[in-house]
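Read the structure below first, then the notes.
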Number of protein chains: 2
Amino acid sequence: MSLDRVREHPAPLAAARRRRLRADQALQLADLLRRQVLAGGFDRDGGVLPHEDTLRAAYRVSRNTVRQALDLLRAEQLVERQPGLGTIVVARKYSHGLDRLQGLAETLREHGRVTNEVRTVGPVPAPACVADRLRLAGGDGAQVLYVERLRRLNGLPLSLDLTYIPMDIGIELLGADLENNDVFRLLEEITGCRLGTAQITLEAVNADAHSAAVLQAPRSAAVLMVERLTHLSDGRPVDLEFIHFRGDRISMSGVLHRAA
Amino acid sequence: MSLDRVREHPAPLAAARRRRLRADQALQLADLLRRQVLAGGFDRDGGVLPHEDTLRAAYRVSRNTVRQALDLLRAEQLVERQPGLGTIVVARKYSHGLDRLQGLAETLREHGRVTNEVRTVGPVPAPACVADRLRLAGGDGAQVLYVERLRRLNGLPLSLDLTYIPMDIGIELLGADLENNDVFRLLEEITGCRLGTAQITLEAVNADAHSAAVLQAPRSAAVLMVERLTHLSDGRPVDLEFIHFRGDRISMSGVLHRAA
């Protein structure tokens, strides 16, 4: 079908043009620019965004709209205005794959070194909901290893992870180098069994005061919250994690299929 | 391996117990309770959470920790305190699947009726980055149909969607009932071709003032932002969307596999 079809539909098209409301143009432009910032689209220009006049012409919007859109991206801490330079990209989001189950260090290998500050590690009695999900024989009251880690990439805080592991496996983790290894890798090493699948749930929440402080993010910063229950390839659940990613540093990407 | 192994590792276990820092116990409890709220775990009790004393005993934490955890969930607008009743679940998050490419109405069919307030619909010249992703022959300047919709479930705002569609297909959408149909369904009807795959990217961002107002969410509310490029089964990209989900109303769930 060609654009000539436009002429065959004069009524709805005209009506649409008439009823076109004042669009959320700044939001629209911010969405388009955010995408390019995240995809490294301005890297070849040294991270400098085009001049406001260039953006205005390219997107056919007013100067005011351009400024509002850039304000939105500044509020997200993706760009900054630098006198004499213009608007520059200051943050990079790292993409965590939704296509394959991987630990953080595995996923971000090409971007640098992941280190883990172990804030807490030790056995705790499993709350009923944890015992239930990890299918612990002892049920409520069985011991689990609880690990709380602040995870960094090249020294920058990325996520606060709260992890529960059945104690028979967890006991072996106590002697392991949790600072420099993904728990995933250690689990496979300890059990001699590959990981199989994980059920994940993603949400966006505002950071509470405490986790904002730990993540060195502003109070109420958007957090990409991931709950993940990981199983060994034999089906046994071995790792329940609550991951609080800094929203300004991590995105998750994947491919969805229409067919079941 | 049994829990007897604990006795074989006295040194690391004791060390771990000693160096157990003051944990983020409120956050830890909030994560566990959030999960149960979202999974409908308190539905059988009429949406009423257990009494503070019961939670304190069940999770072996102080009264103060219980209160802080409930405060966190209140701040996320998941629960409310009602005099004489206790803490009750007030929000429900709807789960959008990550396992299969579906429109919102398809996904949420069992939960109620999705309606779309079409805020803007009409042809616009495609910005270069849109033309590029939709592989438009005319490149920068080719027309695309731009659609902006506020999507509601049973009347409650769920998401603000900004959509770009190649004009040869878009022209047919102008006459369609966009208020009551997923664009996905209409695209398959118009083209006579099934949708194939979509590349998606998920992020957590803070709502700007404008989209917060449209979504009737608090300023700076956490937004689950989805960018999705959908292709027909023949590989042609036909639908570029920027979806701003209210973080307190939508979660996304799926299964990840370890093997490539």
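Residues of region B:118-152 that are closer than 17 Å to B:L187 by Cβ and of a type in the set (V, I, T): B:V118, B:V121, B:V130, B:V144, B:V147. Scanning region B:202-227 for residues that are open to solvent by 30 Å² or more (accessible area, probe 1.4 Å) and touching a Ser or Thr at 6+ places or on another chain (Cβ under 6 Å) gives B:N206, B:S220. One residue alone among A:R100, A:R151, A:R135, A:R109 is charged (D, E, K, R), under 22 Å from B:L33 (Cβ atoms) and in the same structural domain as A:F184 (by TED's automatic domain parsing), and that residue is A:R135.
Taken as a whole, the condition of being under 19 Å from B:M252 (Cβ atoms), facing another protein chain (nearest Cβ under 10 Å) and modelled with pLDDT of 95 or more applies to A:V223.
The rows are residues; the columns are (1) assigned to a helix (DSSP H, G or I); (2) within 21 Å of the chain's Cα centre (by Cα); (3) of a type in the set (S, T, Y).
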position: B:L55; (1), (2), (3): yes, no, no
position: B:R67; (1), (2), (3): yes, no, no
position: B:L70; (1), (2), (3): yes, no, no
position: B:R92; (1), (2), (3): no, yes, no
position: B:Q102; (1), (2), (3): no, yes, no
position: B:E106; (1), (2), (3): yes, yes, no
position: B:N116; (1), (2), (3): no, yes, no
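Checked against (1) at pLDDT below 85; (2) open to solvent by 40 Å² or more (accessible area, probe 1.4 Å); (3) more than 11 Å from every other protein chain (Cβ to nearest Cβ), A:E80 passes all but a single condition, namely (1).
Just a yes or no: is a residue in region B:187-199 more than 7 Å from chain A (Cβ to nearest Cβ), closer than 30 Å to A:Y94 by Cα and not β-branched (V, I, T)? Looking through region B:187-199, none of the residues is more than 7 Å from chain A (Cβ to nearest Cβ), closer than 30 Å to A:Y94 by Cα and not β-branched (V, I, T). Hey, any hits in region B:222-232 for a residue that's more than 13 Å from the chain's Cα centre (by Cα) and more than 27 Å from B:A128 (Cβ to Cβ)? No, because not a single residue in region B:222-232 is more than 13 Å from the chain's Cα centre (by Cα) and more than 27 Å from B:A128 (Cβ to Cβ). For the residues A:A69, A:A26, the requirement of being facing chain B (nearest Cβ under 8 Å) and at pLDDT 85 or above singles out A:A26. Only residues that are more than 27 Å from A:G40 (Cα to Cα), among the charged types (D, E, K, R) and open to solvent by 10 Å² or more (accessible area, probe 1.4 Å) were counted across region A:228-260, and they come to 3. Note on region B:135-180: among residues that are in a strand (DSSP E or B) and open to solvent by 30 Å² or more (accessible area, probe 1.4 Å), the one that is farthest from B:V90 (Cα to Cα) is B:Q143. A Cβ distance below 8 Å, combined with a sequence gap of six or more or placement on separate chains, defines the contacts here; from region B:219-246, residues that are in the same structural domain as B:A128 (by TED's automatic domain parsing) and outside any strand (DSSP E or B) reach residues that are open to solvent by 20 Å² or more (accessible area, probe 1.4 Å) and of a type in the set (G, A, S) in the pairs B:R219/B:A209; B:S220/A:S220.
Scanning region A:108-127 for residues that are touching an Asp or Glu at 6+ places or on another chain (Cβ under 9 Å) and either within 14 Å of chain B (Cβ to nearest Cβ) or buried (at least 20 other Cβ atoms within 10 Å of the Cβ) (or both) yields a count of 10.
Results for (1) of a type in the set (D, E, K, R); (2) more than 30 Å from B:M225 (Cβ to Cβ), shown as yes or no for each residue.
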position: A:A137; (1), (2): no, yes
position: A:L150; (1), (2): no, no
position: A:P157; (1), (2): no, no
position: A:D161; (1), (2): yes, no
position: A:R185; (1), (2): yes, yes
position: A:E188; (1), (2): yes, yes
position: A:Q199; (1), (2): no, no
position: A:L202; (1), (2): no, no
position: A:H210; (1), (2): no, no
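Condition first: in contact with a Leu (Cβ under 9 Å, 6 or more places away or on another chain), closer than 30 Å to A:D234 by Cβ and either more than 9 Å from chain A (Cβ to nearest Cβ) or of a type in the set (G, A, S) (or both). Can you find one or more residues in region B:241-250 that meet it? No, that holds for no residue.
The values are calculated or read from the model by the stated rules, or taken from the named source; none is laboratory data. Note that the coordinates shown come from a computational prediction; the quantities given were computed from them, not determined experimentally. Using ideal geometry, Cβ is built from the backbone for each residue, glycine included, and neighbour counts are taken over all protein chains shown. SASA here: full protein model, heavy atoms, side chains in, ligands and nucleic acids out. Shrake-Rupley method; radii C 1.70, N 1.55, O 1.52, S 1.80 Å.
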